[in-house]
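The values are calculated or read from the model by the stated rules, or taken from the named source; none is laboratory data. Owing to the predicted nature of the structure, the values given are computational and were not obtained by experimental measurement. A quick note on method: Cβ atoms are made from the backbone with ideal geometry, for glycine too, and the neighbour counts reach across all protein chains shown.
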Amino acid sequence: TVLRIRGIDIYKEYLTPDRQAELVDDIRQVVRRAPFAHPVTPGGRRMSVKMTSAGRFGWVTDQSGYRYERRQANDDPWPEIPEAVLRIWADLVSASRGPDCCLVNFYTDTAKMGMHQDKDEADFRWPVLSISLGDAALFRIGNLTRGGKTESLWLESGDVMVMGGDARLTYHGIDRIRPGSSRVLPHGGRINLTLRVVE
Ligand code: MD3
Ligand code: FE
C-alpha cells in the first residue's frame, strides 16, 4: 500500500523480509569500511544517532558545520552504495541518475532525531528516498517552516518513503524507537538509509 501524507509517499511493507535481510548484510559491509560515528552538531552537542555514509559523498557534521565530503576523516573514500540499495532508487525515483550519497543512520533504544529540514544538497528538485530496517520508529512530519501542527506515523522495517516536490523541504524528525519490535537486526536497534542527489 502507498500512503500519501503531506506530499510524502510512504510505501508500507515495500521490502520483503528476504530483501530486508540482504540489505542488512550489505550495510554490515559498508560499516566495516566506514565505521559509525556519533556526529557532533555545530552547536557542540553529540547526536544520539550514529551515522556513516556510502557513495561519492558522505554527510558529516562537526563544530564547523554540516556538509558533504568526498572522503572519510581518515582520507579513505566512502564505500560504494550497495546494488540492492541502488535498485530501490532506480525503481522508485530514477533509472537514469543514481544517488550521490547513502546516509546510514543507526538508532539505539533511546536515540532520536529532532525536527529539521534536509537542505545541504544543491538541487531540491531531486527527492530524498528513505529505507527503514529493524525496530519501528515514530516519525513526525511538520511543515515547510518550523512549528505548526504535525502528523506522526510509525515507520516499520521494510517501509520506504519518497520525499519529493513540495514535501522535499518539510520539517521532520524521529521522536522515539520501539525497542524489540523487529527481528531483522540480531541485536536490535534501527537502521535508516537516506539516498540523496548531492550536487
Ligand atoms: C521528509 N532521517 O537522515 S528518514 C535524515 O529515520 C533523517 O533516520 C530520519 O531525517 C531517519 O535526515 C527520517 C525520512 C525523511 C528523510 C528526509 C526527508 C523524511 C524527510 C526530507 C524531507 C522531508
Ligand atoms: Fe532529515
| query | Among the residues of region 137-155, is there at least one that is under 17 Å from K12 (Cβ atoms), in contact with a helix residue (DSSP H, G or I) (Cβ under 9 Å, 6 or more places away or on another chain) and touching a residue at least 12 places away in the same chain (Cβ under 8 Å)? | reply | yes
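Can you confirm whether region 87-103 contains a residue that is within 9 Å of ligand 1 (Cβ to nearest atom) and of a type in the set (G, A, S)? Working first, answer last.
So in region 87-103, the residues within 9 Å of ligand 1 (Cβ to nearest atom) come out as 103.
Within this subset, residues satisfying the condition of being of a type in the set (G, A, S) are none.
Looking for residues that are within 9 Å of ligand 1 (Cβ to nearest atom) and of a type in the set (G, A, S), one finds none in region 87-103, hence no.
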| Qualifying positions in region 90-114 - crowded, with 17+ Cβ neighbours inside 10 Å and part of a strand (DSSP E or B) | C101, C102, L103, V104, N105, F106, Y107, M113
| request: Report whether or not R190 is more than 14 Å from ligand 2 (Cβ to nearest atom), crowded, with 19+ Cβ neighbours inside 10 Å, touching a residue at least 40 places away in the same chain (Cβ under 8 Å) and of a type in the set (K, R). | output: yes
| note | Checked region 143-186 for anything within 17 Å of the chain's Cα centre (by Cα), closer than 21 Å to D123 by Cα and not hydroxyl-bearing (S, T, Y); matches are M161, V162, M163, G164, A167, R168, L169, H172
| request: For P35, state whether it is of a type outside the set (A, V, I, L, M, F, W, C) and touching a Lys or Arg at 6+ places or on another chain (Cβ under 8 Å). | output: no
| Of the numbered conditions (1) within 14 Å of ligand 1 (Cβ to nearest atom); (2) modelled with pLDDT of 95 or more; (3) touching a Lys or Arg at 6+ places or on another chain (Cβ under 9 Å); (4) not acidic (D, E), W78 satisfies every one except a single condition; which is it? | (1)
| Candidate set from region 27-41 (those that are part of a helix (DSSP H, G or I) and under 26 Å from T110 (Cβ atoms)); member that is nearest to the chain's Cα centre (by Cα) | I27
| message | Pull out all pairs, ordered by first then second residue, where Cβ-Cβ is under 7 Å, the residues are six or more apart or on different chains, the first lies in region 116-129 and is farther than 13 Å from Y68 by Cβ, and the second is of a type in the set (F, W, Y) and more than 7 Å from ligand 2 (Cβ to nearest atom). | response | H116/Y171; Q117/Y171; L129/W89
| task | Return the residue satisfying two criteria in turn: it lies in region 167-193 and is among the β-branched types (V, I, T) and out of contact with any Asp or Glu (no Cβ under 8 Å at 6 or more places or on another chain), and of such residues it is farthest from ligand 1 (Cβ to nearest atom). | result | V184
| Are any residues in region 122-139 surrounded by 19 or more Cβ atoms within 10 Å (Cβ to Cβ) and within 10 Å of ligand 1 (Cβ to nearest atom), and if so, which ones? | P127, V128, L129, S130, I131, S132, A137, F139
| message | Any residue in region 44-65 that is at positive phi sitting within a Cβ distance under 7 Å of a residue that is assigned to a strand (DSSP E or B)? List the pairs, counting only those 6 or more apart or interchain. | response | G55/C101; G55/C102
| said: One residue is enough: does region 139-159 have a residue meeting the conditions within 14 Å of ligand 2 (Cβ to nearest atom), touching a strand residue (DSSP E or B) at 6+ places or on another chain (Cβ under 6 Å) and closer than 24 Å to E199 by Cα? | reply: no
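To keep it simple, each residue is scored yes or no on (1) surrounded by 15 or more Cβ atoms within 10 Å (Cβ to Cβ); (2) more than 16 Å from ligand 2 (Cβ to nearest atom).
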{"site": "L3", "(1), (2)": "no, yes"}
{"site": "Y11", "(1), (2)": "yes, yes"}
{"site": "R28", "(1), (2)": "no, yes"}
{"site": "V31", "(1), (2)": "yes, yes"}
{"site": "A37", "(1), (2)": "yes, yes"}
{"site": "S53", "(1), (2)": "yes, no"}
{"site": "A73", "(1), (2)": "no, yes"}
{"site": "P79", "(1), (2)": "yes, yes"}
{"site": "R87", "(1), (2)": "no, yes"}
